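Engineer: Here's a structure for you.
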Amino acid sequence: MKKWIWILAIATVAFAIYYDVSRGTLPVADSSPETANETVEVTETHFDHTVDVEIEAGQTVLTIVEQLHDVGMPMKMEAIKNDFQYLNEGQPPEQLREGQVYTFPLYEG
């Protein structure tokens, strides 16, 4: 009887590992074409000048804008994100790739 319990336990663990590796148990982000090709219409920009920056590991749009300005974040986050998308042909600021060069807004005042 103990032998069958061990066989059943090993089979259950093996199936759980197989299921986790093949299908996963975490939810997958929806990357449907409707959201991936979403266009943002910018009616007003807030920047005066621009600068090109090559992305390094761990950098985000907001950290780079803070580094470019002495006073930290000079605008609201939403305005910075919209200006970034406007300058980079609709590139979502959440999807930066290391090694790529992006154009960032420079704000005065």
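The values are calculated or read from the model by the stated rules, or taken from the named source; none is laboratory data. All of these numbers come straight from a predicted model, not from anything done at the bench. Note: ideal-geometry Cβ built from the backbone for every residue, glycine included; neighbour counts use all protein chains shown.
Engineer: For segment 82-109: of the residues being modelled with pLDDT under 90 and of a type in the set (Gly, Ala, Ser), which is farthest from His46 (Cα to Cα)?
Structural biologist: Among those that are modelled with pLDDT under 90 and of a type in the set (Gly, Ala, Ser), it is Gly90.
Engineer: Which condition number in (1) surrounded by 10 or more Cβ atoms within 10 Å (Cβ to Cβ); (2) modelled with pLDDT of 85 or more is the one that Met1 fails?
Structural biologist: (1)
Engineer: Among the residues of segment 55-79, what is the count of those that are farther than 17 Å from Val101 by Cα and either surrounded by 12 or more Cβ atoms within 10 Å (Cβ to Cβ) or at pLDDT 85 or above (or both)?
Structural biologist: Result for segment 55-79: 9.
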